[in-house]
Amino acid sequence: MSPTLFTITSAFSLSITGLMLHRTHFLSALLCLEGMMLAMFIAISALSVQMNTGSSLSLPMFLLTLSACEASTGLALMVATTRTHGTDHLKNLNLLKC
């Protein structure tokens, strides 16, 4: 396994592990999702450069755009839940109360 592939795989795995184990705050869940998206961005960028295609920048830029939209939507949801519930703890959020 190449060092680049190992680094990308371990970053993605650590983000998934962080999302599964440390679900106390909404912000930590958003950071883990952002880490997953950045690992995917680096993997697709490395694959595009390795394949040496003419349109090697279109897919990574599309993924980076979606990642930025996901981050802004997540932060907007975090602000909204913090204002309505008073905290960003995931244990206090109940879908039946909302």
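The values are calculated or read from the model by the stated rules, or taken from the named source; none is laboratory data. Just so we're clear, the structure is a prediction, and the values are computed from it rather than from any experiment. Note that each Cβ is placed from the backbone with ideal geometry, even for glycine, and that neighbours are counted across all protein chains shown. Accessible surface is based on the protein model in full, side chains and every heavy atom, while ligands, DNA and RNA are left aside. Shrake-Rupley method; radii C 1.70, N 1.55, O 1.52, S 1.80 Å.
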When the accessible area of region 1-84 is computed with all protein chains present and a 1.4 Å probe, what percentage of it is carbon and sulfur? 76
Would you kindly compute the Cα radius of gyration of the chain and its largest Cα-Cα separation (Dmax), both in Å? 16.6, 52
H25 long-range amide H proximity, modeled H, under 5 Å: L90
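Could the peptides 34-42, 21-29 be put in order, highest first, of the mean number of other beta-carbon atoms found within 10 Å of their residues? Don't skip to the answer; put the middle values down first.
Values: 34-42: 17.9, 21-29: 14.4.
Ranking, from highest mean packing down: 34-42, 21-29.
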Residue-normalised accessible area of region 1-84, expressed per residue, 1.4 Å probe, Å²: 69
In degrees rounded to 10, the 0-90 angle between helix 3-21 Cα long axis and the longest Cα principal axis of the chain is 10
Once both axes come from the Cα atoms, what is the angle between helix 58-85 and the longest principal axis of the chain, in degrees from 0 to 90, rounded to 10? 10
Using only Cα atoms, tell me the angle between helix 26-51 and the longest principal axis of the chain; keep it within 0 to 90° and round to the nearest 10. 10
Sum of -39500 (n - 2.57) over DSSP H runs of 4+, divided by residues of the chain (222 nm, nearest 500): -26500 deg cm²/dmol
